[in-house]
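The values are calculated or read from the model by the stated rules, or taken from the named source; none is laboratory data. The structure presented is a predicted model; accordingly, all values stated were derived computationally and were not measured. Here the Cβ positions follow ideal geometry from the backbone for every residue, glycine too, while neighbour counts run over all protein chains shown. With ligands, DNA and RNA removed, areas are computed over all heavy atoms of the protein, side chains included. Shrake-Rupley method; radii C 1.70, N 1.55, O 1.52, S 1.80 Å.
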Amino acid sequence: MRGGLSAVLALAGVALGVSACGQQTTGRPAQAARQQAALDRATVSPTPAPPPVDCMRTKCVALTFDDGPGEYTGELLDDLRDAGAPATFFMLGQNVEGNEAVVRRMVEEGHEVANHSWSHPQLTGLSSSAVRSQVQRTNKAIEAASGVRPAMFRPPYGATDRRVGRAVGMPQIMWSVDSLDWQHHSVSKNVRVGTREPRTGGIVLYHDIHEASVDAIPRVLSGLERRGFTFVTVSQLFRGQKLKSGHQYLEAERPKPKPKPKTATPSPSGPSGDPSGAPDGTPSDASSGASPDMP
Ligand code: NI
């Protein structure tokens, strides 16, 4: 694929060069070559990389899916693709086996692959070496399937402590909104919680092994979109922050706006000049035309 593309582009480059040097060129060959090259790019390249989202200035939310991949994961990926919404998958190593194509598809479609242990034990009851084995085996399986080594870990049942954190050796991503989907198996509850509860910087927990969770996602996506949210992966949510190995993260917090300097210099990453310091519903929310965030 890659070799073919560069060959086509190289040919297009030659065609352009020739016509540029021709004495009586009408511009047609060059134009045709450009069109052909654009066409080839469009057909060859997978999903175009979206521009990086700055969650310090954007109303971001991270949807996360645990315990898969499973029989409904493909359908979920279709829904996420249709909505253009990246998500994060905390997978069990034992479920990666046999589902390598789905894991590869996650990466190809812009999702984040992450680690949720090999077999979902309560890690606080395991020896440190057993914890390390759960984590490392799963990282290897995900990397072998997708080419990407996970950078985030979520402990099964959210059960962890300092010793487990040290043995895990990766940032531990918890959640700020729990759908409790595994308990109620209700599409409407999943829709209600996932649409109403997230705040800016929130991390929402679902399980893609449950049909009622996957069935709820199209309405969750449209509901959150109506509230002005941008969907991001967990890594995108924390972009620019150095996450510490073994530490636990429930959601991303925006830094409080610093006091305004006297000589205002526009900065791409600095606060956008709102003195109110509201942690949610920031100026960028308002200027993006998003509807106000209902509690
Ligand atoms: Ni789990």
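For the stretch 197-206, the Karplus equation 6.51 cos²θ - 1.76 cosθ + 1.60, evaluated at θ = phi - 60°, returns couplings of 7, x, 10, 4, x, x, 10, 9, 9, 10 Hz by residue, with Gly and Pro reported as x. Ligands, DNA and RNA are left out, and with a 1.4 angstrom probe the accessible area of the stretch 54-249 is 41 Å² per residue. Near Cys60, the amide H atoms lying under 5 Å from its own belong to Gly201, Thr230; only residues 5 or more places off or on other chains count, and H is placed 1.01 Å from N.
Between Ser222 and Arg162, the distance separating the two model label sites (each 7 Å from Cα on the Cα→Cβ line) works out to 5.0 nm. The amide H of Glu112, built 1.01 Å from its N in the peptide plane, has Ala87, Thr88, Phe89 as neighbours under 5 Å, considering only residues 5 or more places off or on other chains. Annotation: amide H-H contacts under 5 Å for Met152 (H modelled 1.01 Å from N, sequence separation of 5 or more, or interchain): Asn115.
Note on the stretch 54-249: with charges restricted to the Cβ of Lys and Arg (+1) and Asp and Glu (-1), its dipole about the Cα centre is near 1080 debye.
Computed from the C-beta positions of His184 and Asp54 and an R0 of 41 Å, the FRET efficiency is 0.70 to the nearest 0.05.
What a 1.4 Å probe finds exposed on the stretch 54-249 is 45% carbon and sulfur by accessible area, rounded to a whole percent.
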